[in-house]
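A short worksheet on the structure shown next.
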Amino acid sequence: MSQTRTALRAARTHLRAGRAERARQAYLEVLASSPSHVEALVGVGHALRAAGKLAEALDWYRGAVRRSPAPELRRELERLEPPAAPSASGADAERLLAEGRVDEVRRWLEQHAGADPRRLLLLGRACLADGDVGAAQAALLEALRLAPKEPTAHLWLADVHAARGAREQSEVALRQAIGLRPGFGLAWLRLARLRRFDSADDPDAVRVRELLGGDTLSPEDTEALHFARGKVLDDVGAYDEAFEHFRQANALHRAREPFDVRALLQLMERIARVCDASLFSRLTNLGSESATPVWIVGVPRSGSTLVEQIIASHPRAYGVGELRTFSRLTADLPSRLHTKTPFPECLAELDAPSAQALAAQYLARLGRDAPPDVLRICDKMLSHVMLVGLFALLFPRGTVIHCQRSLMDAGLSMYMHPFSGSGVGYAYDLDDIGSYARQCDLLMRHWRASCPLRIVTVRYESLVAEPERGVRELLDAVGLDFDARCLESHRAERQVRTVSEWQVRQPVHTRSVARARHYERHLSPLLKYETG
């Protein structure tokens with residue numbers, strides 16, 4: 001019995017520290033002498049799940065349920081069972097991808113895509129969203145082999161090349177997509193962002209203008225083409241005309257996808273009320289001892305991609321881009337805790353086993369593709385500004401980097417760039433951008449005042465004005481020695497998947513500082529939120 005207790009204690013410690021395989025071995029040691037030990041069966045499931053092996057984990061959970069009639073175990077198993085198969089049309093897969101359930105969509109499609117070009121296309125998108133660019137390319141190339149005239153496959157293949165920094169290959173793929181579908185708005189928009197225009201009479205610029213003069217475009221294509229036309233005119237300095245196209249693009253998006261920013265602001269207020277100093281003082285020593293995670297938060301277009309690129313250029317660091325895993329795990333938190341209390345109020349019910357399982361699963365995904373000797377891994381999902389309190393409970397030794405930039409510049413940049421995925425509907429209205437940015441600032445002030453987690457502020461304007469000083473301070477803040485390679489982060493051969501993908505492949509510059517001065521007469525809705 002003493003040996004069983006020792007093995008269980010070791011297994012829990014390994015799981016808490018993110019050592020999934022060692023935890024699995026310790027639980028198996030218990031099962032060698034007690035094959036029906038329910039905690040050990042569940043523990044093996046937790047370890048496999050933390051390692052990203054959900055299908056295997058489900059088998060162990062099912063075994064635990066067969067040996068225990070506990071309703072909470074049955075509910076957990078029902079929650080984790082694979083989702084309904086996406087429909088042949090891909091509608092379900094599209095919905096699940098938009099909800100951030102990338103792993104579920106990818107797992108199902110890997111088993112069922114077969115030789116169906118539509119499913120292979122979705123698989124490529126899912127792999128790209130999952131950060132697996134190699135698998136995405138393989139799926140898309142197979143889709144193109146089966147359906148060589150599918151323009152959307154060329155579009156997504158262009159994104160694969162863009163993620164790798166292969167500009168010429170990306171342009172070739174985009175032009176192939178346009179050749180197959182001349183009015184393909186997203187392809188024109190990607191192409192406009194790929195290059196800089198010196199004249200409004202450039203052949204590409206003229207073609208975009210001509211397409212907008214037609215009357216056969218879909219609302220989606222029209223929206224993208226307005227964004228593209230705005231980019232062209234911004235490049236050539238026709239700012240008033242450019243803003244009119246950005247305004248039309250954003251209005252079209254809001255008409256297609258209405259967004260109520262009030263619900264988001266109210267959620268942030270609830271989070272601040274729940275995650276007060278008393279919660280942190282009461283819920284201590286629940287999670288992982290790992291200092292590996294570095295979360296980069298803030299409003300979009302505030303320099304987060306540059307910050308990640310700098311840190312990830314260090315030989316002992318790695319960047320995963322915008323990882324949706326934590327948001328997905330948080331959405332499932334009430335069922336994990338077997339409560340009907342919603343997030344964030346359910347945080348008051350967080351216990352050590354749940355915290356350790358959650359931390360282990362996140363760590364496993366965070367480090368899935370990273371070299372084994374890295375000390376820090378960056379996750380730059382900016383909406384994690386709302387999850388700083390949960391990070392503090394799960395990873396008290398982690399680091400949060402808060403990126404800040406002039407609201408006028410950041411807000412204008414948001415308004416000029418469409419975003420993929422859900423959750424950023426506020427970015428298509430200047431007033432919503434301002435109110436969201438103000439609430440983010442209030443929430444970050446709350447975290448600094450009440451949250452026992454290291455929070456570092458990086459000001460974009462200061463970083464680009466004095467790059468070496470800024471890089472040294474940034475590396476020191478995350479516990480890394482200075483490395484000169486971080487001063488040339490634009491040369492780093494790594495994948496980048498954001499609207500900033502081409503900007504961060506250029507040397508650090510100050511050209512984007514105070515860009516809003518060109519559009520001042522149009523930005524009054526933002527001005528009232530600017531705090532300096």
Does at least one position in region 334-343 carry a residue that is buried (at least 23 other Cβ atoms within 10 Å of the Cβ) and of a type in the set (A, V, I, L, M, F, W, C)?
no
Here the residues within region 309-335 that are of a type outside the set (F, W, Y) and modelled with pLDDT of 90 or more are Q309, I310, I311, A312, S313, H314, P315, R316, A317, G319, V320
How many residues does region 97-128 contain that are surrounded by fewer than 21 Cβ atoms within 10 Å (Cβ to Cβ), among the aliphatic types (A, V, I, L, M) and within 21 Å of the chain's Cα centre (by Cα)?
1
Would you pick out the residues in region 1-44 that are acidic (D, E) and surrounded by 15 or more Cβ atoms within 10 Å (Cβ to Cβ)?
E29, E39
Pairs, please: C-beta under 7 Å, at least 6 apart or cross-chain, first residue in the same structural domain as L390 (by TED's automatic domain parsing) and in region 333-352, second outside any loop (DSSP other than H, G, I, E, B) and surrounded by fewer than 19 Cβ atoms within 10 Å (Cβ to Cβ)?
none
Within region 302-315, identify whether any single residue is on the phi > 0 side of the Ramachandran plot, touching a residue at least 12 places away in the same chain (Cβ under 8 Å) and in the same structural domain as M414 (by TED's automatic domain parsing), and answer yes or no.
yes
Please verify whether region 165-181 includes one or more residues that are under 19 Å from V105 (Cβ atoms), in contact with an Asp or Glu (Cβ under 9 Å, 6 or more places away or on another chain) and either in contact (Cβ under 8 Å) with a residue 40 or more places away in the chain or not acidic (D, E) (or both).
no
Only unsatisfied item for G287, checking (1) assigned to a helix (DSSP H, G or I); (2) in the same structural domain as I455 (by TED's automatic domain parsing); (3) closer than 25 Å to D369 by Cβ, is (1)
Within region 1-46, considering residues that are among the hydrophobic types (A, V, I, L, M, F, W, C) and in contact (Cβ under 8 Å) with a residue 60 or more places away in the chain, the one farthest from S290 (Cα to Cα)
A23
Lone qualifier among L264, L306 - being closer than 21 Å to I401 by Cα, modelled with pLDDT under 95 and in a helix (DSSP H, G or I)
L306
Can you tell me how many residues within region 248-306 are in contact with a Pro (Cβ under 7 Å, 6 or more places away or on another chain) and of a type in the set (S, T, Y)?
0
Which residue, of L123, L155, L96, L141, is at pLDDT 85 or above, farther than 16 Å from A177 by Cα, outside the structural domain of V424 (by TED's automatic domain parsing) and of a type in the set (A, V, I, L, M, F, W, C)?
L123
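The values are calculated or read from the model by the stated rules, or taken from the named source; none is laboratory data. All values reported here derive from a predicted model rather than from experimental measurement. Using ideal geometry, Cβ is built from the backbone for each residue, glycine included, and neighbour counts are taken over all protein chains shown.
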